[in-house]
Structures are given as C-alpha cells and as structure tokens.
Amino acid sequence: MRSEKLFKKAIKIFPGGVNSPVRFYQPYPRFIKYGKGQRIWDVDGNAYTDYVLAYGPLILGHGNKTIAKAIAKRSEEGTMFGAPTEEELKLGEIIARNANLDMLRFVNSGGEATYHALRLSRFVTKRKKILKVKGGYHGTHDFNYPGEFVKEIDFNDSQALKDELSSREYAAFIIEPIMGNVGVILPEQGYLQDVREYTEKFGTLYISDEVITGFRTKFGIYSDKYEPDLVTLGKIIGGGAPLAAYGGREEFMKNVRPAGEFRQAGTYAGNPLSVSAGLAAMKILQKKDYGKLNYLSNVAAGILEKSGVTVNMATGMLSMHFSDDKIRNYSQIDTRLYNDIWAKLFPYSLSSGIFIAPSPEETMFISFSHTLKDITRDMELISRRVEEIWKK
Ligand code: PMP
C-alpha cells in the first residue's frame with residue numbers, strides 16, 4: 001500500500017503525519033492523488049465518492065475546468081503583486097452585494113477571518129470578553145477556546161444569552177447560524193432573532209460565522225435577515241483556493257487600516273491566484289439552482305433516516321445524530337457513543353468507496369457534482385450499516 005509507505009515517511013516530519021488533525025485516521029490516512037467532480041482517487045488507485053469536499057469549499061466538485069483555466073491564466077500573468085487588482089474588486093463586489101455587507105476585507109483562511117472580526121469587535125467596543133457557543137468552531141486561535149476572555153453558552157439558549165450579555169462586558173457574540181462542526185445543528189425558530197435583539201440591546205457585536213454556510217444554502221449568507229454586525233466567510237468563496245473575508249457594517253469596517261486605526265494586514269490577502277479561482281466559482285454558482293442541491297440533500301437525509309437515526313440537514317450539508325431526542329445543542333451529544341459508532345462506520349464506508357469525514361463531528365457535504373445515483377447508492381449503504389450498529 002503506497003498510502004502506508006507515504007504515511008511512514010510523513011509521520012517523521014509532520015506532527016501525526018498530517019497538516020491538519022482531522023485528516024488523520026487509523027491506521028493511516030489514504031493519500032489522495034486526483035479528484036474529478038464528485039470523486040477522488042487515492043495513490044493506490046481506489047476511487048471514492050467524496051462527501052468531505054475538503055471540508056466544505058468544493059461545492060462545485062473537484063477539478064472544475066473553468067476554475068482551473070482561470071487559475072492557469074492568472075499564474076501565467078503573475079500570481080501576486082502586493083498591489084490591488086481589478087479582479088479582487090469584482091469578487092469583492094459580488095460577495096458584498098449578495099452577502100449584504102457594506103464593506104469587507106479579504107484574508108486567507110476562515111480562522112484568520114474570525115480572529116480579526118473578534119479583534120475588531122474588541123477594538124470598537126473597548127470591551128475584552130467574547131461569548132461563543134459550546135461546540136462552535138471558528139478556527140484555531142485563542143478566541144476559539146474558553147478561557148480568561150472567552151465564555152461559552154449552549155446553542156439555541158436565548159435565556160443564557162440574555163443573562164450573559166446583560167453584564168455588558170462582551171465585545172462580541174460569535175455564532176455559526178447553523179452549527180457545522182459538531183454535526184449539523186439548526187437554529188430553532190426565533191433564536192437568531194433573539195441573538196440580534198439581545199446583542200443590540202447590550203452593546204455586543206453580533207458576528208455571524210458563515211465560513212461553512214456562506215454561499216452554501218443559497219447564493220448569499222444564511223443569516224442575512226438577522227442583519228449581523230460582522231460576517232465571516234471562507235471555504236466556498238475561494239473556489240478551492242485559500243481565500244476568506246470578514247466584513248459587515250460600514251461603521252465597524254471603516255476602523256480597519258488604512259481607513260481607520262485598527263491594525264490588520266496580510267502579504268497574501270486577496271491573493272490574485274485565489275481571487276481568480278473564487279471569481280470563476282462565484283460566476284458559476286450565481287447561475288446554479290440551489291433547489292437541486294436541496295433536493296439531493298433531502299434525498300440523502302430521507303435514506304439515512306431509515307436507519308433510525310435523527311438527521312439534521314440544510315441545503316448541501318447534513319449529519320446523523322445518534323439520539324432519539326431532537327439535537328438542539330452540543331451539550332446533548334454523547335461523543336463517546338458517536339465515536340464508537342464511527343469506529344465501525346468509517347472503515348466500512350471507505351472500503352465501500354465512500355469518503356465521509358473520519359470524525360462524526362464533521363458535516364457531510366453534497367456538491368452540485370453529485371448525482372441522484374451516487375446519493376442513493378452511498379446513503380443506502382451507510383444507512384444499512386448504521387442500522388446494524390446503532391442501538392447494539
Ligand atoms: N469557522 C467555521 C464555522 C469553520 O467551519 C471553520 C473551519 N472548518 C473555520 C471558521 C476556520 O476556517 P479555516 O480552517 O479556513 O481557518
């Protein structure tokens with residue numbers, strides 16, 4: 001097995017053999033050589049239908065020709081300049097218009113976007129504390145973990161939110177509108193409305209982390225009708241290349257240097273290569289029928305539900321919850337049970353040519369490249385296997 005050989009070398013130079021922890025699984029991860037549409041191939045020649053999609057960016061599948069051409073053209077004409085380009089303006093305008101942002105700043109990763117949005121919230125409010133949701137993930141910086149300045153409350157708990165914010169100590173409440181890093185958990189009716197109301201009332205900025213959901217459930221952001229103060233984007237807007245952004249209301253964004261005094265900069269920010277990929281992707285996505293993606297996601301959810309699990313789903317993203325109760329926050333999740341089930345499900349799915357994330361806490365993603373045939377075959381196999389494991 002070539003993957004095994006490569007992993008033995010990789011483990012000597014990369015911690016755990018990988019460059020992001022979620023990529024590791026026992027006994028060693030398959031090394032991937034090639035991807036086309038909804039499928040990927042490993043270095044040993046095995047094919048998989050891909051429901052990881054690089055953890056969200058690849059809503060158009062792998063190796064999209066139009067995106068590839070745009071990247072190739074850009075690379076021949078110079079990859080970066082440390083100066084503005086017309087393309088970054090075009091992409092910025094498309095994103096601002098559809099995500100309902102007055103202004104935005106491009107950065108390179110989702111974690112960078114949330115980090116700077118949170119720093120900016122501290123700068124403008126002159127408060128230090130950050131409130132977040134238990135199980136919410138915003139990147140690996142210190143604001144993502146409970147500590148001196150960071151506190152967590154349950155998702156969908158309006159009362160806890162109100163109680164915390166009423167101290168008037170919080171610079172920001174950061175929240176994914178649909179939780180996507182503990183499986184999928186949907187906001188209940190009225191919850192995001194409460195988020196808007198209480199943050200406003202107590203002088204806290206409402207930061208909507210749409211790194212996963214932005215341009216996934218529709219061509220825009222999920223939380224636009226709640227009018228968040230700041231929004232973070234990543235993944236899909238880069239068309240498979242590293243690109244992210246934070247943006248929002250002008251009164252906050254105008255503080256960013258050189259317009260104002262808030263320090264934030266980046267050598268690779270708005271990198272022309274990433275912008276070319278993002279612009280190509282957005283032009284294609286703008287014309288796509290998200291109803292089709294919703295239909296495929298619904299079919300997938302319906303099949304998985306036959307196994308007896310609870311499925312939480314939004315357009316293009318879904319996950320199974322191993323509970324008879326409706327899952328409305330992370331505290332309800334029995335992580336040991338989920339991991340036990342996954343330890344049996346994941347190897348089976350790999351050997352069946354289905355690539356799902358090695359962790360049950362990740363979301364299953366569906367792209368415009370997936371077909372009804374893929375979904376039916378793969379979800380039937382998973383559903384039957386889960387039925388054998390679940391409750392045994
Ligand atoms: N926010 C959310 C909601 C995410 O899901 C992620 C990554 N999965 C991030 C932020 C961090 O993005 P990145 O990995 O690009 O730094």
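The values are calculated or read from the model by the stated rules, or taken from the named source; none is laboratory data. Predicted, not measured: the structure shown is a model, and the values here were computed from it. Cβ coordinates were reconstructed from backbone atoms using ideal geometry, including for glycine residues, and neighbour counts include every protein chain displayed.
Could you tell me whether segment 165-179 includes any residue that is assigned to a helix (DSSP H, G or I), touching a Phe, Trp or Tyr at 6+ places or on another chain (Cβ under 8 Å) and not β-branched (V, I, T)?
Within segment 165-179 (the criterion being assigned to a helix (DSSP H, G or I), touching a Phe, Trp or Tyr at 6+ places or on another chain (Cβ under 8 Å) and not β-branched (V, I, T)), the answer is yes, since at least one residue qualifies.
If you check T232 against the conditions, is it surrounded by 24 or more Cβ atoms within 10 Å (Cβ to Cβ) and within 23 Å of N98 (Cβ to Cβ)?
yes
Within segment 25-37, identify whether any single residue is surrounded by fewer than 19 Cβ atoms within 10 Å (Cβ to Cβ), of a type in the set (A, V, I, L, M, F, W, C) and within 16 Å of the ligand (Cβ to nearest atom), and answer yes or no.
Checked against the condition, which is being surrounded by fewer than 19 Cβ atoms within 10 Å (Cβ to Cβ), of a type in the set (A, V, I, L, M, F, W, C) and within 16 Å of the ligand (Cβ to nearest atom), segment 25-37 yields no hits at all.
For S75, state whether it is in a helix (DSSP H, G or I), over 21 Å from the mean Cα position of the chain (by Cα), surrounded by 23 or more Cβ atoms within 10 Å (Cβ to Cβ) and in contact (Cβ under 8 Å) with a residue 12 or more places away in the chain.
Here the answer is no, as S75 does not meet what is asked.
Considering segment 188-214 alone, what residues qualify as being within 13 Å of the ligand (Cβ to nearest atom) and either of a type in the set (V, I, T) or more than 22 Å from I327 (Cβ to Cβ) (or both)?
Once the filter is applied, which keeps residues that are within 13 Å of the ligand (Cβ to nearest atom) and either of a type in the set (V, I, T) or more than 22 Å from I327 (Cβ to Cβ) (or both), segment 188-214 yields I207, V211, I212, T213, G214.
Just the residues that are out of contact with any Gly (no Cβ under 6 Å at 6 or more places or on another chain) and over 30 Å from K65 (Cα atoms), please, taken from segment 254-268.
Hits for segment 254-268 are N255, V256, R257, P258, A259, G260, E261, F262, R263, Q264, A265.
Looking for whichever is over 19 Å from the mean Cα position of the chain (by Cα) and within 26 Å of K218 (Cβ to Cβ) here; the options are S166, S158. Which one fits?
Unique residue meeting the criteria: S158.
Need the failing condition index for A10 against (1) within 28 Å of E361 (Cβ to Cβ); (2) over 23 Å from the mean Cα position of the chain (by Cα); (3) not in a helix (DSSP H, G or I), just the number.
(3)
Since A54 meets every condition but one in (1) surrounded by fewer than 19 Cβ atoms within 10 Å (Cβ to Cβ); (2) assigned to a helix (DSSP H, G or I); (3) touching a residue at least 60 places away in the same chain (Cβ under 8 Å); (4) outside the structural domain of G316 (by TED's automatic domain parsing), which condition does it not meet?
Condition (4) is where A54 drops out.
Please go through (1) in a helix (DSSP H, G or I); (2) among the β-branched types (V, I, T); (3) surrounded by fewer than 20 Cβ atoms within 10 Å (Cβ to Cβ) for I95 and return the number of the only condition it doesn't satisfy.
Checking I95 against (1) in a helix (DSSP H, G or I); (2) among the β-branched types (V, I, T); (3) surrounded by fewer than 20 Cβ atoms within 10 Å (Cβ to Cβ), the one that fails is (3).
If you go through segment 146-202, how many residues are closer than 19 Å to T125 by Cα and in contact (Cβ under 8 Å) with a residue 60 or more places away in the chain?
Number of matching residues: 1.
Among what's in segment 240-253 and is within 14 Å of the ligand (Cβ to nearest atom) and within 12 Å of I95 (Cβ to Cβ), pick the residue that is surrounded by the fewest Cβ atoms within 10 Å (Cβ to Cβ).
A244
Of all strands (runs of 3 or more DSSP E) completely enclosed by segment 226-332, which ones contain at least 2 residues that are assigned by TED's automatic domain parsing to the domain that holds T199 and either over 29 Å from Y115 (Cα atoms) or of a type outside the set (S, T, Y) (or both)?
Ranges flagged: 230-233, 244-248.
Kindly indicate whether any position in segment 337-354 is modelled with pLDDT under 95 and of a type in the set (S, T, N, Q).
No, every residue in segment 337-354 fails to be modelled with pLDDT under 95 and of a type in the set (S, T, N, Q).
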